[in-house]
Every structure is written in C-alpha cells, then in structure tokens.
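Nothing in this text is a laboratory measurement; each read-out follows from the coordinates by a stated rule. It should be emphasised that the depicted structure is a prediction, and the values quoted were computed from it without experimental measurement. Ideal geometry is used to build each Cβ from the backbone, glycine not excepted, and the neighbour counts take in all protein chains shown.
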Amino acid sequence: MPKTKKNYYINKYAVVDKDVEIGENSKIWHFTHVQSGAVIGRNCILGQNVNIGNNVKVGNFVKIQNNVSIYEGVILEDYVFCGPSMVFTNILDPRSKYPQVGKEFYIPTLIKEGASLGANCTIVCGNTIGKFAFVGAGAVVTKNIPDYALVVGNPAKIIGWISEAGKKLIFDKKGIAHCKKSEKSYKFKNNFVTEI
Ligand SMILES: CC(C)(COP(=O)(O)OP(=O)(O)OC[C@H]1O[C@@H](n2cnc3c(N)ncnc32)[C@H](O)[C@@H]1OP(=O)(O)O)[C@@H](O)C(=O)NCCC(=O)NCCS
C-alpha cells in the first residue's frame, strides 16, 4: 500500500509498492503494478495491466490505457494520454549479453502537458513530445516532436497541427488559426505553433 492516505481507488488485483505516492481521486485497475518511488498525481486513471516503473513521475489528470509500461526515465506531465498498448523505451541499444541496469543507463523521455500518444505507438527514448502534440496510432517517434504537432507513420512525420482540444488547425494567410472547441487561437511561424 502507498505511503499517502488519500481518497484514491486501488483494485484488489493491483500491486502497489509501499513507498509510492498516489494523488486524490486517482484509480488503479486490475493487474497494474506501481513500483517503488513512483509518484502518481491526482485524478489519474491507470488501466488494466499497466506498469509504473521505479521513481517514475506521473502528473495530474493523466490517462494510461491498458497494457502500457512507463519505464524509469519517462516523465508524464499533466493531462497526458497514453493509448492502449503504446510503448516507451529507456535504453537505446539493449543487449542481453551486456546488461545496462540502473539509472545511469536510462535515457530520459519527456511527454509534455496534454500530449496524446495513440494506440500501439512507440516512443524511442531520448525524445520530447511537445505540449498538446498528437502521435497517431502505430507511429514510431524517433525525434523531438514540437508543441501541437500531429505526427503519424514510421518514422513519425508531421502531417498537421492540432489544438489543445484535439481539433485540426487550419491557418489563414497570416498564419492564424482558431479552435472553437478550446476557444483558443494559435499562430504558425517558423514551423512552430504557439497559442496567442
Ligand atoms: C492521427 C489521427 C488523429 C488522424 O485522424 P484524422 O485527422 O481523421 O486523419 P485522416 O483520417 O483524415 O487521415 C489523414 C491522412 O493520414 C493518414 N493517417 C491517419 N492516421 C494515421 C496513422 N495513425 N498512421 C498512419 N497514417 C495515418 C490517413 O491514411 C490519411 O492519409 P491520406 O491523406 O494519404 O489518405 C488518427 O488517425 C489516429 O491515429 N488517432 C489515434 C486513435 C487512437 O489511438 N486512439 C486511442 C484511444 S482508443
């Protein structure tokens, strides 16, 4: 059981090591393992068969769908969505004969606020996924992805730009786009998108 005593739900078939922190209203479902030193924010959902590695930090309002392992070295900021069976990595050149075990070997991966990672995609370690970026189902990310970018394919390439609410952004001649759902406007300049 975790060291915090907050209002969270842990299914009886989940395994939560004792020195972890779990925020208020978070839910942890069947066959999920939260390992030692992990910190889970508030209002998170960890689906079935999820593994949260040692010392991993998960922000608030994060959704992790079934069959996802968050390895040590991965950081998830607030409102990140991890689609079912998507894959993180933390070693770039693994070899069973030359094991690399321990923090010093792990290559960090940062998933910024509000980014969505589609079902069955793979994030090669050492990359940062920008704020509210969207990785399509099955994509393989091998480079940093800028804020609000929509990427698909293997290797993942930018095919468009997407709002905070997940709507495609259509820019006018001045490089301005408006999203009705998020009620936010965005500017495209020098291949980057920012909220204005
Ligand atoms: C990336 C995504 C958001 C694009 O959706 P969309 O805007 O409706 O895209 P479209 O269907 O208009 O497709 C645009 C083009 O990209 C291609 N494309 C779309 N998604 C793709 C993907 N995941 N991988 C490769 N190509 C993709 C389409 O084939 C199409 O190509 P074309 O122009 O050559 O015909 C969506 O396809 C996707 O992958 N969503 C993730 C779903 C998911 O994982 N959900 C998890 C929760 S269950």
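Shape analysis of the range 9-170 places it in the oblate category; the axes a ≥ b ≥ c from the Cα gyration tensor give an a/c of at least 1.5, with a/b not above b/c. The mean sequence distance of close C-alpha pairs (under 8 Å, at least 6 residues apart), as a share of the length of the chain, puts its relative contact order at 10 percent. In this Cβ point-charge picture (+1 for Lys and Arg, -1 for Asp and Glu), the range 1-67 has a dipole of about 160 debye about its Cα centre.
The magnitude of the dipole of the chain, with charges of +1 and -1 set on the Cβ of Lys/Arg and Asp/Glu and taken from the Cα centre, is near 420 debye.
When the Cα gyration tensor is reduced to axis lengths a ≥ b ≥ c, the ratio a/c is 1.5 or higher for the range 106-168, and with a/b not above b/c it is classed as oblate.
Pairs from the list 103/131; 57/112; 112/143 with a Cα-Cα gap above 22 Å: 103/131.
What is the sum of charges around residue 79, taking Lys and Arg as +1, Asp and Glu as -1, for the other residues whose C-beta is under 10 Å from the C-beta of residue 79?
-1
Near residue 103: Cβ cut-off under 15 Å, other residues only, Lys/Arg at +1 and Asp/Glu at -1. The net charge is -1.
Convex hull of alpha carbon positions in the range 45-94: directionally averaged projected area 3.4 nm². Summarising the label geometry, the points placed 7 Å from Cα in the beta-carbon direction at residue 93 and residue 119 lie 3.6 nm from one another.
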